[in-house]
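Okay, so here's the structure we're looking at.
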Amino acid sequence: MKPIKSSSAAERRKANRAEVTAQVEYELTNSSSGPSRVRRNMANISIGGLFIATEEPIRAGTRMVVRFELPNKHRVIAVSRVRYAKKGVGLGVEFLSLDEDDHEELKEYINSLQPRTRKSA
């Protein structure tokens, strides 16, 4: 697993976010009730993380493993954490570690969507 280096807020804002409608599965790793897998929709993705559309109240800092499939059928698995939660809207999730192959596939996918990406605010 390749650790993702932490970056400043200004650098994170430079990451292209691709609007997507795809399923993501996440499993909480520090839940007192034990691991639980949940399937939701993601709204956008970047090389540093993704946004999950959900009304579930999950606190910032909560660790999880996310799994999703890219259109080319490459399955990505990333150790992640909730960076922020928008009540009733969703979760901003940051990738903490990502396999090198997953990182490259994700980067290629986002670059292929370049005309449809936007800079995050």
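Hey, could you check segment 87-121 for residues that are at pLDDT below 90 and assigned to a strand (DSSP E or B) and say which is surrounded by the most Cβ atoms within 10 Å (Cβ to Cβ)?
Here the answer is THR117.
How many residues are at pLDDT below 90, part of a strand (DSSP E or B) and not β-branched (Val, Ile, Thr) if we restrict to segment 6-25?
Selection size over segment 6-25: 5.
Just name the residue that is surrounded by the most Cβ atoms within 10 Å (Cβ to Cβ) out of those in segment 26-67 that are part of a loop (DSSP other than H, G, I, E, B) and either modelled with pLDDT of 95 or more or of a type in the set (Gly, Ala, Ser) (or both).
GLY48
The values are calculated or read from the model by the stated rules, or taken from the named source; none is laboratory data. Predicted model only: the values in this text are computed from it and were never measured. No Cβ is skipped: glycine too gets one built from the backbone with ideal geometry, and neighbour counts run over all protein chains shown.
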